Each structure stands twice: as structure tokens, then as C-alpha cells.
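Visitor: Sharing a structure with you now.
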Amino acid sequence: MQTVSKSKRTRWALRDVLLLAFVAVFIGFIFWILGPVYNILSAALTPFGLAPFANDMILGGWMMAAPLASILIRQAGAGILGEVFAAAVEMLIGGQWGVATLLSGLVQGIGSEAGFALLGYKDWHWRGIFVSAFTGAVITFVWSLFRDGYASYHIGLLIGLFLTRFVSLLFFGGVLVIAIQKLIEKSGVLKRG
């Protein structure tokens, strides 16, 4: 079902701004919930020497705002704004990483949006989601090499972490985002006259 006009819109409508605010609050709350999930998962994996996998297993959850905002709004910049605003919501409701959450949101938003940009902002379905997940995985993984100390890990661990991250992004930023999109479409909110 096509819910967005095929015309080339270059300006944001009020509906786009409201949709972005909805995504930020809804997904920002999910981000906040993922903090304690990460802590529990990391603690459970630590005795096995696998604690770094906790981040990569749920990173897709922390990157849901960008692809959701992108496929709902279908405007350049929607993914970055959605991710940064959702990170701001997480921070404001007491997320454990405080203001550093905003920088992570920016890097994650750029990573996800890069995929849609590579496709010329023309593919808002599975191909776009796949490319967005891949660029998101690559850009955030490079960020983790420096910020999270991944550069000190051996190549086998790095490959495992990258593949885990990519699958996480496909699941959370693909399967779950498409399911949320379908629910929103069913509600009729996206129909444009």
C-alpha cells in the first residue's frame, strides 16, 4: 500500500514533524528500557568472556528510530533527526549514559541514513532497510573501534561482533520497523490527501 505521495516533496509538512515527535518519544522510551537489558545481558555474558556481544546483540534496538523515521517520513534527514531526538528522550527520562547518548544517536542516525542516501532516497522498502542496516553496522562499528576499544580485539572476535551487529540491525531496524510501519499504515495516519 502506497501511503506517501509520489511527488518529490522537499519541505516538511506539519504531519512529518508530528510523526517525527511520535517516533522520538515512542522509540526513546524503548532506548531507555534497553539500558537495563544491556546491563543484564552484559553481566550474563561476562563469565564466558563474551560481554562485548551484549552491545552488538541489542544495538539494532538502539537504532530503530532512524529507519522508522526514514520510512515513515521519506525525507532526507529524517533518520538522523529521529535517532538524535529519540536519544534526547532517552537522556531526558534518565538513560544511564546521560548526555553521551546524544553523540551516539548522531553517529547511529548518520549510519542508518547513509543507506537511504546511497539509494537516492528512493527505496523505502526491504532493499532500503537492508542497505541502511549495512551502512549503520559499518559506521557504528568503526565508531566502536575507537570509542569502545574494539580495535584491541582479535580479528575472529571482530568478525563475530560485526555479524551480530548486522543481524541485530536487520531484526530491530528491519523486521520490527516494518511491523510498526504496517500498524501505523493500518491506523490511517499516513494517508495523504
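Every read-out reported here was derived from the displayed coordinates using simple, explicitly stated rules and does not represent laboratory data. All of these numbers come straight from a predicted model, not from anything done at the bench. Using ideal geometry, Cβ is built from the backbone for each residue, glycine included, and neighbour counts are taken over all protein chains shown.
Visitor: Between residue 151 and residue 14, what is the FRET efficiency for a Förster distance of 45 Å, r being their Cβ-Cβ separation, to the nearest 0.05?
Guide: That pair, residue 151 with residue 14, gives E of 0.50.
Visitor: Starting from the stretch 52-148, pick out the GluC sites (Glu not before Pro) whose DSSP state is loop and whose Cβ has at most 11 other Cβ atoms within 10 Å.
Guide: none
Visitor: Per DSSP helix of 4 or more residues, -39500 (n - 2.57); summed, then divided by the residues of the chain. What does that give at 222 nm, rounded to the nearest 500?
Guide: -23500 deg cm²/dmol
Visitor: Just how large is the dipole of the stretch 55-193 about the Cα centre, in debye to the nearest 20, putting +1 at every Lys and Arg Cβ and -1 at every Asp and Glu Cβ?
Guide: 480 debye
Visitor: On to the next question. Just to check I understand the Karplus step: with θ = phi - 60° and J = 6.51 cos²θ - 1.76 cosθ + 1.60, what whole-Hz values come out for the stretch 36-52, glycine and proline as x?
Guide: x, 4, 4, 4, 5, 5, 4, 5, 5, 8, 4, x, 9, x, 10, 3, x
Visitor: Net charge near residue 60: determine it from the other residues with C-beta under 14 Å of the C-beta of residue 60, scoring Lys and Arg +1 and Asp and Glu -1.
Guide: Net of charged neighbours comes to -1.
Visitor: Which whole-Hz ³J(HN,Hα) couplings does the stretch 19-33 yield from phi under the Karplus relation 6.51 cos²θ - 1.76 cosθ + 1.60, θ = phi - 60°, glycine and proline marked x?
Guide: 5, 4, 5, 4, 4, 4, 6, 4, 6, x, 5, 4, 4, 4, 5
Visitor: Also: I need the phi-derived Karplus couplings for the stretch 103-116: 6.51 cos²θ - 1.76 cosθ + 1.60, θ = phi - 60°, integer Hz, Gly and Pro marked x.
Guide: 5, 4, x, 5, 4, 5, x, 4, x, 5, 5, 4, x, 5
Visitor: Using 7 Å Cα-to-Cβ label points, what is the residue 167/residue 185 separation (nm, one decimal)?
Guide: A separation of 2.8 nm, rounded to one decimal place.
Visitor: Which residue fluctuates most in the GNM of the chain (Cα springs below 10 Å): 146, 116, 166?
Guide: Answer for the Gaussian network model of the chain: 146.
Visitor: Relative to the longest principal Cα axis of the chain, at what angle does helix 126-147 sit, 0 to 90 degrees, rounded to 10?
Guide: For helix 126-147, the angle is close to 40 degrees.
Visitor: While we're here: Exposed loop sites here are trypsin sites (Lys or Arg not before Pro) in DSSP loop states with at most 14 other C-beta atoms within 10 Å. What is the longest stretch of the chain lacking them?
Guide: Maximal segment without exposed cleavage sites: 12-121.
Visitor: Send over the semi-axes of the chain's equivalent ellipsoid, whole angstrom and largest first, taken as the square roots of 5 times the C-alpha gyration tensor eigenvalues.
Guide: 29, 17, 14
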